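See below for the structure under consideration.
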Amino acid sequence: MTVGVPPRSSVARARAVVRLNTAYFQTKVLQSAVELGVFDLLADGPATADTLQEKLAVRHRLTPDFLDALVGLELLERDGAEYRNSDLTAEFLVTGQPTYLGGTCAQHAKLHYHAWGRLTEALRDGHAKSAVAAQGSTAYPDYYRDLDKARQVMTHMDAHNGFTADELARRLDWSEYTTFTDVGGARGNVAARIARAHPHLRGSVVDLPALRPLCDELMRELGTADRVHFAGGDFFVDPLPASDVIVMGHVLADWPLEKRMRLLHSAYRAVSPGGRIAVYDVMIDPSRDDLETLLQRLNSAMIRDDNSAYSVSDCEGYLREAGFEVEQVFRADTITRDHVVVARKAA
């Protein structure tokens, strides 16, 4: 007990446990608001509960309670009978904003929430419980054939990696380089943001060929089509594009050690002498006391069976074994609080 702080009552301690037990109530209120389009509708201006019910085609008698719960979560504000988006919602939960997080809310509602509902089973039998895990290695190639579905996943990924891209653009010294490749770069959001921050750079994005149309689409939208191109393929089979810098984020944890090393050896061959590699991921600290990181790792393991956590020291060891010299490690100010390990190939 902290000196000078009175002990909490038994009922207060009980409420703390109940808050944990029912935390998903808040999660689902947020996710349903995104799925229904509440925030996008209110982006056009304030509206009453009756107007929202009519335009959103919702009929439940407790819809006003649902809206007031969003007020309690500081996602909406209420002025008399009218509701409007809060500043937080306007910044992060309205479609079209560069910082839009609604895509990741929708993806968690569709995939992650149901997988977590089977956590006890997963702990007992040792297997992931998502729809992705059930489909095996063909899950993402099959899913990405439907560009609308793929676009939803990309919106989820971009919600996270945009912050990471800005950190990489700011904290790495790009002045002596002209080319870079983002391995497993999805539709190219990270590559585009780095290229926009450093106009002298030209970038490549390596990922599944099905994502090419979405990458081309995003590059046109962001004005980087002339400097960032898509290089589709299998990064375990095809050589990586020759580059001064390779970026590899949230990739290594998806594969067993043998494949991690195969990919890093391929990166070493692709990096120019004197060039660098930057690996970022949700890496475990030796103390293993960071709750957010531990929960993120559990989440990844619930989605895919071949996913496994690794530490910062593990990553440094992988890079040295591949031939790189580790130069820098830092904790990035990103949503998942990634660690970044930067290593150099001798000139």
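Would you check which residues across the stretch 198-218 are assigned to a strand (DSSP E or B) and in contact with a helix residue (DSSP H, G or I) (Cβ under 6 Å, 6 or more places away or on another chain) and list them? Before the answer, list the steps.
Of the stretch 198-218, the ones assigned to a strand (DSSP E or B) are 202-206.
Gly203, Val205, listed by residue number.
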Could you check the stretch 32-140 for helices (runs of 4 or more DSSP H) lying wholly inside it with 3 or more residues that are of a type outside the set (Lys, Arg) and closer than 30 Å to Ala309 by Cα? 102-107, 113-116, 119-125, 131-135
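Looking at Leu172, Leu208, Leu214, Leu201 in this structure, which one is open to solvent by 10 Å² or more (accessible area, probe 1.4 Å) and more than 24 Å from Ser311 (Cα to Cα)?
On the way: Leu172 fails: more than 24 Å from Ser311 (Cα to Cα); Leu214 fails: open to solvent by 10 Å² or more (accessible area, probe 1.4 Å); Leu201 fails: open to solvent by 10 Å² or more (accessible area, probe 1.4 Å).
The unique qualifying residue is Leu208.
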Within the stretch 179-197, the residues that are touching a Ser or Thr at 6+ places or on another chain (Cβ under 9 Å) and either of a type in the set (Asp, Glu) or not in a helix (DSSP H, G or I) (or both) are Thr179, Phe180, Thr181, Asp182, Val183, Gly185, Gly188
When the stretch 308-328 is checked residue by residue, the ones that are in contact (Cβ under 8 Å) with a residue 60 or more places away in the chain and open to solvent by 20 Å² or more (accessible area, probe 1.4 Å) are Tyr318, Glu321
Of the residues Ala346, Ala270, which single one is in contact with a Pro (Cβ under 9 Å, 6 or more places away or on another chain), open to solvent by 20 Å² or more (accessible area, probe 1.4 Å) and at pLDDT 95 or above? Ala346
Residue pairs meeting the criteria (Cβ under 8 Å; at least 6 apart or on separate chains; first under 17 Å from Val34 (Cα atoms) and free of Cβ contacts under 8 Å to residues at least 40 places away in the same chain, in the stretch 49-62; second open to solvent by 60 Å² or more (accessible area, probe 1.4 Å) and in a loop (DSSP other than H, G, I, E, B)): Ala49/Ala81; Gln53/Arg59
Residues of the stretch 247-263 being under 22 Å from Ile335 (Cα atoms) and not small (Gly, Ala, Ser), which ones? Val247, Met248, His250, Val251, Leu252, Asp254
Breaking point among (1) farther than 30 Å from Arg193 by Cα; (2) modelled with pLDDT of 95 or more, for Val34: (1)
Per-region count, the stretch 247-284, residues in contact with a helix residue (DSSP H, G or I) (Cβ under 7 Å, 6 or more places away or on another chain) and among the acidic types (Asp, Glu): 1
Exactly one of Glu54, Glu77 is of a type outside the set (A, V, I, L, M, F, W, C), open to solvent by 60 Å² or more (accessible area, probe 1.4 Å), touching a strand residue (DSSP E or B) at 6+ places or on another chain (Cβ under 6 Å) and more than 19 Å from Gly96 (Cβ to Cβ), and that residue is Glu77
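Could you say which residue among Ala278, Ala242 is within 24 Å of Ala332 (Cα to Cα) and either at pLDDT below 95 or not β-branched (Val, Ile, Thr) (or both)? Before the answer, list the steps.
Working: Ala242 fails: within 24 Å of Ala332 (Cα to Cα).
Criteria check complete, one pass: Ala278.
Is it the case, given these coordinates, that Arg331 is open to solvent by 60 Å² or more (accessible area, probe 1.4 Å), in contact with a strand residue (DSSP E or B) (Cβ under 8 Å, 6 or more places away or on another chain) and within 26 Å of Tyr268 (Cβ to Cβ)?
Numbers: open to solvent by 60 Å² or more (accessible area, probe 1.4 Å): yes; in contact with a strand residue (DSSP E or B) (Cβ under 8 Å, 6 or more places away or on another chain): yes; within 26 Å of Tyr268 (Cβ to Cβ): yes.
Spelling it out, Arg331 is indeed open to solvent by 60 Å² or more (accessible area, probe 1.4 Å), in contact with a strand residue (DSSP E or B) (Cβ under 8 Å, 6 or more places away or on another chain) and within 26 Å of Tyr268 (Cβ to Cβ).
The values are calculated or read from the model by the stated rules, or taken from the named source; none is laboratory data. Not measured: the values here are computed from a predicted model. Note that each Cβ is placed from the backbone with ideal geometry, even for glycine, and that neighbours are counted across all protein chains shown. With ligands, DNA and RNA removed, areas are computed over all heavy atoms of the protein, side chains included. Shrake-Rupley method; radii C 1.70, N 1.55, O 1.52, S 1.80 Å.
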